[in-house]
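Since the structure comes first, as structure tokens, the remarks are kept for the end.
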Amino acid sequence: MKNQSMRINKILVCCGPGCLSNDSLDIYEALKNKIESDKPYISIETTVKATGCHGFCEIGPLIKFLPLDFFYCNVKVSDVEEIYQKTIKNGEIIERLLYHDQNSNQKIKSPEEAGFYKGQKKIALRNVGEIDPLSIDDYMKRGGYKALKKALLKSTTEQIISEVEESGLRGRGGAGFPTGFKWRQCAQMQNFPKYIICNGDEGDPGAFMDRSILEGDPHSIIEGMVIGAYAVDSHSGFMYIRDEYFLAIKNMTKALEQARNYGYLGQDILGSGYDFDIQIVRGGGAFVCGESTALMASIEGRVGEPRAKYIRSVEKGLWDKPTVLNNVETWANIPVIINEGASRFKSIGTAQSPGTKVFSLVGKVKNTGLIEVPMGMTLRQIIYDIGGGIALNKKFKAVQTGGPSGGCIPEQLLDLKVDFDSLDKAGSMMGSGGMIVMDETTCMVDVAKYYLAFLSEESCGKCVPCREGIRRILVILEDICNGRAQDEDLDLLIEICETVQATALCGLGKTAPNPVITTIKYFKDEYIAHIRDKRCPAGVCKELTIYSIDKDKCKSCGLCAKNCPSSAIKQEQSKIFTIDQTKCTKCGACVDICNFHAVKIGGALACR
């Protein structure tokens, strides 16, 4: 496909974490070097930029070409020469590098044509994947720091707080507390100094929303924090960033330096007489430090332990001074609200949950990646329209939202709207935005056990209900998965979960039972099968699973034997294959490879 009149002015190479792991930085460097070395000899002025995450992680590395707005996927370093010669110099689109949509069976040129991008609405992610995060000029070309100028030079602090209140913005860190109300409470305090904190300690398994904004658009967070600080009369801010996010720390450090140099941070910001600066604090690696008071304790140099919630941070937060703490995504929304107005933001989403929400869509879904959708979109729309459905065309079983402390939502609730209140009513939560999709091969008891094992390790141990209660829940789940549990253990499990929910000190403990409670509520039959029948329906719990071969279905092709890593499958004299149970590691390779569905999964006791 050739277009001689096509001129490419800008090439955006995704350098988000997923694409970086597939050599996208090498692709960027190779393209940049190729273009720069040939610039004296060609008339095309083309700029190559290393950007943040483009979102569609499943098909990375991704390259986007502007202004014609088409993109390539699954790009390799070996493709660079062909891209340069055919696309950049001669205006030819390389068909094999276009995205192939499995559902429509079509080649897609523009991101807007792909189902993954169609239903999205980007506010917090508005610049991620579109700019070089190390360039403040790129940020300013897309309207960056206009909101700060409006706030400091044309607005009163009352007008700013009222605008945020009117927008209905709720904290995107999980609790959903009204942001404007929090700011107003802090602004009314007359105890100085006051502090502003950005919570970038994202610790949920499978979550990378805040990371992507920190890495791909650091100035949006800085701008939001300066506006918030001005509104509550704070002059000192902290960014608490997970220590493992080395690229986020690097990009944010550079962005802070640039903001100071341009007069957007430091003393006498924009000549307004207002002083405010931000420093980075590296997280200590503890999941509990995502909790606001534990995070503040960590900044102070103490052990990251939470305190009782009746002491409000807006009154006594960091060093017992009034403090506003919001997460990365919340701060990134502030410049848009100030620029475009509360009514524009409130027109998106639902009445009680305005705006959009960023999610990391992962697990057993075809299109994994980073997405931002209007509040109120259903789980079905997210998983099937944006996510493309279940990987390998298997049956959907559940989706877990809200991180380790969230709940598992079953198929019958696929049309549930994704907003703070609807998820809460279903027994789950919004959390920071992790969304893990599970298929029919997932054991829900094992899922609950996995999350409780994680939370048991991450509990700070300060309060007995969390420290001992979670451990006891985990022991019962392990007994169920190993076939040692009795009927009364299920009642005991529910009783302990309810006790921990009611008496734990902080959010980690209070929400820790959610995965157990929701899986019992929606998948009780699986618990019963484990306890009474000593059988794992999904074939995941090894102590309760035996693999056998159905002689009537076996075609003697030998694929199962060839792919068995423990050589447990042998051919009998009758030419039918059998599985030696003493050698079988129950890995499931035989199930996946058999085209005739001849391998059966059964309960351990029933098959003996």
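The values are calculated or read from the model by the stated rules, or taken from the named source; none is laboratory data. As the structure is a computational prediction, the values presented were derived from the model and not from experiment. Because the Cβ atoms are built from the backbone with ideal geometry, glycine has one as well, and the counts that use them run over all protein chains shown.
If I go through the range 87-134 residue by residue, how many of them are free of Cβ contacts under 8 Å to residues at least 12 places away in the same chain and either crowded, with 21+ Cβ neighbours inside 10 Å or of a type in the set (A, V, I, L, M, F, W, C) (or both)?
The number of residues fulfilling the criteria is 1.
Here is a yes/no grid of residues against (1) aromatic (Phe, Trp, Tyr); (2) farther than 27 Å from residue 386 by Cβ; (3) modelled with pLDDT under 95:
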position	(1), (2), (3)
5	no, yes, yes
12	no, no, no
15	no, no, no
20	no, no, no
46	no, yes, yes
51	no, no, no
63	no, no, no
82	no, yes, no
104	no, no, yes
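Right, residue 608: within 30 Å of residue 475 (Cβ to Cβ), modelled with pLDDT of 95 or more and surrounded by fewer than 20 Cβ atoms within 10 Å (Cβ to Cβ) or not?
Numbers: within 30 Å of residue 475 (Cβ to Cβ): yes; modelled with pLDDT of 95 or more: no; surrounded by fewer than 20 Cβ atoms within 10 Å (Cβ to Cβ): yes.
When the stated conditions are applied, residue 608 does not pass them.
Return the residues of the range 187-224 that are small (Gly, Ala, Ser) and either more than 21 Å from residue 174 (Cβ to Cβ) or not assigned by TED's automatic domain parsing to the domain that holds residue 156 (or both); say none if nothing qualifies. Steps first, answer last, please.
Just the residues of the range 187-224 that are small (Gly, Ala, Ser), to begin with: 187, 200, 203, 206-207, 212, 216, 220, 224.
Selection gives 187, 216.
Identify, from the list 358, 314, the residue that is touching a residue at least 60 places away in the same chain (Cβ under 8 Å) and closer than 18 Å to residue 209 by Cα. Even if it seems obvious, please write down each step before you answer.
Working: 314 fails: closer than 18 Å to residue 209 by Cα.
Answer to the selection: 358.
Name the helices (runs of 4 or more DSSP H) wholly within the range 494-608 that hold at least 3 residues that are closer than 25 Å to residue 456 by Cβ and in the same structural domain as residue 463 (by TED's automatic domain parsing)? Show your work before the answer.
Details: elements: 507-511, 514-522, 524-531, 559-562, 589-593, 604-607.
It comes to 507-511, 514-522, 524-531.
Please return the ranges of helices (runs of 4 or more DSSP H) entirely within the range 142-199 where 3 or more residues are over 21 Å from residue 321 (Cα atoms) and not aliphatic (A, V, I, L, M).
Details: elements: 146-154, 157-167, 179-188.
Where helices (runs of 4 or more DSSP H) fall fully within the range 142-199 and carry at least 3 residues being over 21 Å from residue 321 (Cα atoms) and not aliphatic (A, V, I, L, M), they are 146-154, 157-167.
Taking the options 526, 468, 495, 488, name whichever one is among the charged types (D, E, K, R) and touching a residue at least 12 places away in the same chain (Cβ under 8 Å). Break it down stepwise before answering.
Working: 468 fails: touching a residue at least 12 places away in the same chain (Cβ under 8 Å); 495 fails: touching a residue at least 12 places away in the same chain (Cβ under 8 Å); 488 fails: touching a residue at least 12 places away in the same chain (Cβ under 8 Å).
After applying the criteria, what remains is 526.
May I ask you to list the residues in the range 186-201 that are surrounded by 17 or more Cβ atoms within 10 Å (Cβ to Cβ) and out of contact with any strand residue (DSSP E or B) (no Cβ under 8 Å at 6 or more places or on another chain)? If you could, list the steps in order and put the result at the bottom.
First, pick out the residues of the range 186-201 that are surrounded by 17 or more Cβ atoms within 10 Å (Cβ to Cβ): 186-187, 189, 194-201.
Scanning the range 186-201 gives 187, 189.
Does the range 153-179 hold any residues that are in contact with a Leu (Cβ under 7 Å, 6 or more places away or on another chain) and under 27 Å from residue 300 (Cβ atoms), and which are they? So that I can check it myself, show each step before the final result.
Filtering the range 153-179 down to residues in contact with a Leu (Cβ under 7 Å, 6 or more places away or on another chain) leaves 153, 179.
Correct list: 179 only.
Right, residue 549: in contact with a Leu (Cβ under 9 Å, 6 or more places away or on another chain) and farther than 30 Å from residue 500 by Cα or not? If you could, list the steps in order and put the result at the bottom.
On the way: in contact with a Leu (Cβ under 9 Å, 6 or more places away or on another chain): no; farther than 30 Å from residue 500 by Cα: yes.
For residue 549, the condition - in contact with a Leu (Cβ under 9 Å, 6 or more places away or on another chain) and farther than 30 Å from residue 500 by Cα - is not met.
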